[in-house]
Structures are given as structure tokens and as C-alpha cells.
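The values are calculated or read from the model by the stated rules, or taken from the named source; none is laboratory data. The shown structure was predicted, so the numbers you read here are calculated from the model rather than taken from an experiment. Backbone-built Cβ (ideal geometry, glycine too); neighbour counts: all protein chains shown.
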Amino acid sequence: MKTIRTSIIASILLAVISFSACKKNGSSNTPVVASGTSKLSFQLSADATDSTGTVPDSSKSSITGLTWAAGTANIGRFSFEAKRNGVSIDIDSHNLTNVDLFALTPLVTYVTLDTGVYKEIRIKAYLQSSNNDSIPPLKLTGTFTNDSTKVTPIEFDLTENSIVQVSAKNIDINGTTDYTALLDMQLGKVTKGITAADLNKATLTDGKIIISKKSNVFLYYKIRANISGCGRSFFREHHKDRG
């Protein structure tokens, strides 16, 4: 009887050891799925090229005699919309305010993206008013040389919220590369539909061409309508191990 009991115990122990060994081997063969995230930074800046992709003689505009020399945008947020694995993704980046559009290194903000291929990308920069009336959603300043060769200061003041939106190519987030989405406001497109003759006829305020909701209103609404479609975007890669 004792011999039978000993045999049973030995059999149970052997079964437990065998099960443990099988479980351990099974775990070691389970593939490990790589995961990670990457940063997507955003920049908004003015672009000097015109609709043909070249820098016109007037430097910052396709209108002869018009040169934009400075500009600021009050950005409430950037929005990144895309599809990953057929699922819609919508991520916002906040905490970015008044941006110098002509700065060599514009201010940036970023979001974090999970790994995967992002398609049908749309990026939006929201130009918004602030509590400070001296900081409009968008302001551009420069000069206009009229048909009498007189140089006149010019200023565009956007006082209504607007959105610069662009479509972008697919990106593959693999966790080893960060990206910067560079958004250019093509100033040649901002003034689309406006001619030098229009500026020659513009009303002056204290010797300056002011384009706003209160002055040269016709020109104001033309420019405002162009803002949403004036953008152009491309991605710049930054390998994390290279900075």
C-alpha cells in the first residue's frame, strides 16, 4: 500500500514539473510586440514664395510694389486629424500664443503620437483673438510702392477668428523618429484677387494703408477669405538618437 501511495505522489510531482516546463517554454516563444511614441511638433511661419513657387521681385507678395516685412499670428491651438488602422484620430496642441511669422526659428508646440501609419492627414492652425485687443489673430505690416513711386506703409489687421488648414502626406510613426509639421502661410495666396491698382485706390489713414473691418473693408474681406487656403505643409524628420 505504501509503495502504491509513493508511486502516485511521484506521478503527480512529475506531472507538475512537466506542466511548468511546458508553460515556461510557451512563454519564451511568445512574440513581443514593439511599442513606442514619437513627438509631432508644429511650426507656423510666413512664406515669401508666390503661387508659382518662386520669390517675386517684391520679396513677400505677388503684388508688384507690395512687401510684407513683419507679421504675427495669435495661435490658440493646432489640430492634428488623421486615420490610423481605419480609426479617426483627433489631437489638439494648446499653450501657444503670439508667434512671429518671420522669425528664423518660430515657436513650436507638439503632440505625442502612438506608433502606426497615419493617413488622410489634416492639420489646422487656429488663429484666435485674445483678451488683449492689441494682439489680433493675425497682423501683417509692410510697405507698398504706388504708381507714383511713393512708398506707403501698409497694415492688415484680422480681428476675427480664422483657421489655416492643410492636407499632408502619410507618416509612419515608429517610435524612433520625431517629426515637425512645417506650415507655411503663402503670402502670395493671402492677397489673391487683389491687384496693385486696388492698393493704389486704397483709402489712407494718417498716411498709411490700413486694411481692417473699418478701413478698406473690400480688401479686408478678400484677404480674410484667402486665409484658410493659403497654407502649405511638409514634414521634417528628426531621428531621436541624432537630435
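Considering (1) touching a Ser or Thr at 6+ places or on another chain (Cβ under 7 Å); (2) of a type in the set (Val, Ile, Thr); (3) part of a loop (DSSP other than H, G, I, E, B), the lone condition that residue 180 does not fulfil carries the number (3). Applying the criterion of being surrounded by 12 or more Cβ atoms within 10 Å (Cβ to Cβ) and touching a Pro at 6+ places or on another chain (Cβ under 8 Å) to the residues of the range 189-217, the residue that is nearest to residue 174 (Cα to Cα) is 209. Scanning the range 129-159 for residues that are part of a loop (DSSP other than H, G, I, E, B) and either closer than 16 Å to residue 198 by Cβ or at pLDDT 90 or above (or both) yields 136, 137, 146, 147, 148, 150, 159. Exactly one residue among 158, 187, 182 is of a type in the set (A, V, I, L, M, F, W, C) and farther than 13 Å from residue 228 by Cα, and that residue is 182. Regarding the range 58-71, can at least one residue be identified that is modelled with pLDDT under 50, assigned to a loop (DSSP other than H, G, I, E, B) and touching a Gly at 6+ places or on another chain (Cβ under 7 Å)? Yes, the range 58-71 contains a residue that is modelled with pLDDT under 50, assigned to a loop (DSSP other than H, G, I, E, B) and touching a Gly at 6+ places or on another chain (Cβ under 7 Å). Of the helices (runs of 4 or more DSSP H) entirely within the range 183-243, those holding at least 3 residues that are over 21 Å from the mean Cα position of the chain (by Cα) occupy 196-200, 217-227.
Just one of the listed residues (179, 220) is within 30 Å of residue 114 (Cα to Cα) and surrounded by 14 or more Cβ atoms within 10 Å (Cβ to Cβ), and it is 179. Taking the criterion of being at pLDDT 90 or above, assigned to a loop (DSSP other than H, G, I, E, B) and of a type in the set (Gly, Ala, Ser), the only residue of the range 72-111 that qualifies is 86. Mind listing just one residue for me: the one in the range 160-176 that is of a type in the set (Gly, Ala, Ser) and surrounded by 13 or more Cβ atoms within 10 Å (Cβ to Cβ) and, of those, farthest from residue 232 (Cα to Cα)? Taking the candidates together, the pick is 175. Restricting 159, 176, 180, 195 to residues that are free of Cβ contacts under 8 Å to residues at least 60 places away in the same chain and polar (S, T, N, Q) narrows the list to 159.
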